[in-house]
Amino acid sequence: MAARRGILIILSSPSGAGKSTLAKTLRDWDPTIAFSVSATTRAARPGEVDGQHYFFRSRDDFEAMVENDEMLEHAEVFGNLYGSPRAPVEQAIEAGNDVLFDIDWQGGQQIRNSSLGRDVVSIFILPPSIAELESRLQGRAQDSADVISRRMQKSQAEISHWAEYDYVLVNRNIEAAAMELQTILTAERMRRDRQPGLSDFVRGLNLEFEARA
């Protein structure tokens, strides 16, 4: 039996605010955290590996997974489908392993409203300014000017969902934001309702008191 049930850690942000970088720093800090590999219908970018960065699927295959209730959440973003396969997530948290999601607000909302909602800790990442957000998108050199423009147009709508999250971090500095993220997870792991053996431990302390009477 697992010492505790795993946590579903949801990181969301507008594109370019740093959630993918922070997700990597969190897993570097604790390699036992499993990463939920999403399925997507978009084409792989240079260097991306199927099954490691994403499960790259055809639209027909993806829609069949949705129809068969094999997706914990899914959404369409910029014409491509994204989603989180359900089975590996359920297996991980039952085994007491934390699972990290790098997803948008739509996916986060679906997971919070699912049967696994009680296991969720959600964190929204904000940029220090809109100018800095655009600068980071341009600095990635992964997208065309048209795609960057569309991402910037969408960022205001994405940021409007910040209040739906348990925690909000402003990513002014990646090292400081990473430390804040680690602090959140450390505290969440110590919550009373996430320590199933605590009642038995306290019962043992009371037995010690009785033995001394």
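If you go through the range 172-186 one residue at a time, do you hit one that is within 18 Å of the chain's Cα centre (by Cα), among the small types (Gly, Ala, Ser) and assigned to a helix (DSSP H, G or I)? Checked the range 172-186: at least one residue is within 18 Å of the chain's Cα centre (by Cα), among the small types (Gly, Ala, Ser) and assigned to a helix (DSSP H, G or I). If I filter the range 179-197 for residues that are closer than 30 Å to Ala44 by Cα and of a type in the set (Ser, Thr, Tyr), do I get at least one hit? For the range 179-197, residues closer than 30 Å to Ala44 by Cα and of a type in the set (Ser, Thr, Tyr): absent. Among residues of the range 92-113 that are more than 13 Å from Ile10 (Cα to Cα), those with a beta-carbon under 6 Å from a residue that is outside any helix (DSSP H, G or I) and modelled with pLDDT of 90 or more at least six positions away or on a different chain give the pairs Ala92/Gly6; Ala92/Ala34; Ala92/Val99; Ile93/Gly6; Gly96/Gly6; Asn97/Gly6; Asn97/Ala34. For the range 190-202, the condition of being outside any loop (DSSP other than H, G, I, E, B), within 23 Å of the chain's Cα centre (by Cα) and either surrounded by 15 or more Cβ atoms within 10 Å (Cβ to Cβ) or modelled with pLDDT of 95 or more (or both) holds for at least one residue. Just one residue in the set Arg136, Arg118 is in a helix (DSSP H, G or I) and either among the small types (Gly, Ala, Ser) or surrounded by 13 or more Cβ atoms within 10 Å (Cβ to Cβ) (or both); that residue is Arg136. Residues of the range 114-143 that are of a type in the set (S, T, N, Q) and touching a residue at least 40 places away in the same chain (Cβ under 8 Å): Ser114, Ser122, Gln142. The single residue among Leu72, Leu26 that is at pLDDT 95 or above, touching a helix residue (DSSP H, G or I) at 6+ places or on another chain (Cβ under 7 Å) and not small (Gly, Ala, Ser) turns out to be Leu26. Pull up the range 4-63, narrow it to residues that are part of a helix (DSSP H, G or I) and of a type in the set (Phe, Trp, Tyr), then point me to the one that is farthest from Glu180 (Cα to Cα). Once the filter is applied, the top-ranked residue is Phe62. Within the range 145-154, is even one residue of a type in the set (Val, Ile, Thr) and within 19 Å of Leu100 (Cβ to Cβ)? No, the conditions are met nowhere in the range 145-154.
The values are calculated or read from the model by the stated rules, or taken from the named source; none is laboratory data. Since the structure is predicted, the reported quantities are computational estimates derived from the model, not experimental observations. Heads up, the Cβs are rebuilt from the backbone with ideal geometry, glycines too, and the neighbour counts pull from every protein chain shown.
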